[in-house]
Amino acid sequence: MTQGAAPAPKPAPVPAPDLGAALLPAPPGMRVAYGPESGPYGTLRATKAGLAAMRRSSPCATTPTIDAAAPEVRAAPAAVVAYTSAAGSVTQALVELPAAFPAELPDRCASYRAIVEGEQVTYTTRKVDLPPLGDQSRAYVTAVSGGGQSLEVGSVAVRRGRVVMSLLVIARKVRNAGLADQSRKAYERLELATRTPR
């Protein structure tokens, strides 16, 4: 470097992604059931409804979740959308959380019963091995029976940089191949939206 030359400017930080633009579009044959909604995670209607349902049912979650009670999580930028069809539903949430990822489900939550709206419901959860995505990923399938229902909930959590994606797939039967395919499509959309410009 020649004397008196100005130092090279530091690269500008990558701007926060447009989480709404990173959401998965409607899968074939499905229609919008909710959203898309964007804003601080704790203010989203879907977040509030999910927490209320958890309080009514059990101390165990059917899926690994981010601690929405933590102040930094409540204030984190987020976006959510839900799609539905006669066969089931798909819900996706994106949250900008640089240092958080849903914890493993505790052993006590692998199989348990809870009273939901006066009915006894049994939850049985297994971890599933899907092709890895992003910087970190984890997936479960929960069988739900009782209270006049018999269904499965597929849950996938993926971290890409400072964004955590969660995907919930509800159907009569959630197959690993279908869950992996839906997760890959959702992640590719997130990857495209958060790619650093060259």
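Specify which of the listed residues (A86, A70, A100, A52) is hydrophobic (A, V, I, L, M, F, W, C), surrounded by fewer than 18 Cβ atoms within 10 Å (Cβ to Cβ) and at pLDDT 85 or above. Full working, then the answer.
Details: A70 fails: at pLDDT 85 or above; A100 fails: at pLDDT 85 or above; A52 fails: at pLDDT 85 or above.
Criteria check complete, one pass: A86.
Being among the basic types (K, R) and more than 28 Å from P36 (Cα to Cα) is true for just one of R126, R189, R195. Which residue is that? Full working, then the answer.
On the way: R189 fails: more than 28 Å from P36 (Cα to Cα); R195 fails: more than 28 Å from P36 (Cα to Cα).
Unique residue meeting the criteria: R126.
Per-residue answers, yes or no, for (1) within 21 Å of G148 (Cα to Cα); (2) touching a residue at least 12 places away in the same chain (Cβ under 8 Å); (3) among the charged types (D, E, K, R):
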| position | (1), (2), (3) |
| --- | --- |
| V80 | no, yes, no |
| S85 | yes, yes, no |
| S89 | yes, yes, no |
| A93 | no, yes, no |
| F101 | no, yes, no |
| P106 | no, yes, no |
| Y112 | yes, yes, no |
| V116 | yes, yes, no |
| E119 | yes, yes, yes |
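Could you list, in sequence order, all residues of the stretch 106-130 that are in a loop (DSSP other than H, G, I, E, B), among the acidic types (D, E) and over 19 Å from the mean Cα position of the chain (by Cα)?
Just the residues of the stretch 106-130 that are in a loop (DSSP other than H, G, I, E, B), to begin with: 106, 110, 117-118, 128-130.
Imposing the further condition that a residue be among the acidic types (D, E) reduces the set to 117, 129.
Matches in the stretch 106-130: E117 only.
So which residues in the stretch 84-98 are within 14 Å of the chain's Cα centre (by Cα) and not in a loop (DSSP other than H, G, I, E, B)? Reasoning before the result, please.
Let us first name the residues in the stretch 84-98 that are within 14 Å of the chain's Cα centre (by Cα), namely 89-97.
Within the stretch 84-98, S89, V90, T91, Q92, A93, L94, V95, E96 meet the criteria.
From V169, V141, V116, V121, grab the single residue that is among the aliphatic types (A, V, I, L, M) and closer than 16 Å to E104 by Cα. Spell out the reasoning first.
Numbers: V169 fails: closer than 16 Å to E104 by Cα; V116 fails: closer than 16 Å to E104 by Cα; V121 fails: closer than 16 Å to E104 by Cα.
Of V169, V141, V116, V121, the one residue that is among the aliphatic types (A, V, I, L, M) and closer than 16 Å to E104 by Cα is V141.
Taking S183, is it at negative phi, in a strand (DSSP E or B), of a type in the set (S, T, Y) and modelled with pLDDT of 90 or more? Give the steps one after another, and end with the answer.
On the way: at negative phi: yes; in a strand (DSSP E or B): no; of a type in the set (S, T, Y): yes; modelled with pLDDT of 90 or more: yes.
Criteria not met by S183.
From the list L133, L167, L190, which residue is part of a helix (DSSP H, G or I), surrounded by 15 or more Cβ atoms within 10 Å (Cβ to Cβ) and in contact with a helix residue (DSSP H, G or I) (Cβ under 6 Å, 6 or more places away or on another chain)? Quick ask: steps written out before the conclusion?
Details: L133 fails: part of a helix (DSSP H, G or I); L167 fails: part of a helix (DSSP H, G or I).
It is L190.
The values are calculated or read from the model by the stated rules, or taken from the named source; none is laboratory data. Note that this is a predicted model, so its numbers are computed, not measured. As a convention, Cβ positions derive from the backbone with ideal geometry for all residues, glycine included, and neighbour counts pool all protein chains shown.
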